[in-house]
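Reviewing the structure listed below.
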Amino acid sequence: MHIASLARLGLDEAEVEMFGEQLSKLLDNFEILQQADTDNVMPTAQSIALNNVIRDDEAADSLPASDVLANAPQRDGDYFRIHPVLGDS
C-alpha cells in the first residue's frame, strides 16, 4: 500500500492484496532465475535478429501547399498557424 501511495495510485484493499500476491509471485520467479548457470552464456542486447522494415528513402515531388493545408484549422498564407508553445506571444 505504501508504494501505491507514493505512486499516487488509487487502489482499494482488494487491489492491494491482488497486486501484492502477483508481485510476490514475480519476485519468486526472479529468485528461480538467479539460480540459473549463465557462466558460459554470451551477453546479448538483442535475442532475435533485427530487420529493417522501412522502405528506402527516395526523393519525390512535394504535395502542393493547398493540398497540405486543406484541412488545417488555421493557416497564414502557405503556413500552418498554431498557438505559441514557447514564450508569451
Q.
If P43 meets every condition in (1) modelled with pLDDT under 90; (2) of a type outside the set (V, I, T); (3) surrounded by 10 or more Cβ atoms within 10 Å (Cβ to Cβ) apart from one, which number is that one?
A. (3)
Q.
Under 7 Å between Cβ atoms, which residue pairs at least 6 apart in sequence (or on different chains) link something in the range 14-26 that is within 14 Å of I3 (Cα to Cα) with a partner that is in a helix (DSSP H, G or I) and among the small types (G, A, S)?
A. V16/A4
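Quick one: in the range 67-89, of everything that is polar (S, T, N, Q) and modelled with pLDDT of 90 or more, which residue is farthest from the chain's Cα centre (by Cα)? Break it down into steps so the answer makes sense when it comes.
Residues of the range 67-89 polar (S, T, N, Q): 71, 74, 89.
Of the ones still in play, those that are also modelled with pLDDT of 90 or more are 71, 74.
Details: N71: 29, Q74: 30 Å.
Step by step, filter the range 67-89, then rank; the result is Q74.
The values are calculated or read from the model by the stated rules, or taken from the named source; none is laboratory data. Owing to the predicted nature of the structure, the values given are computational and were not obtained by experimental measurement. Positions of Cβ are backbone-derived with ideal geometry, glycine not excepted, and every protein chain shown enters the neighbour counts.
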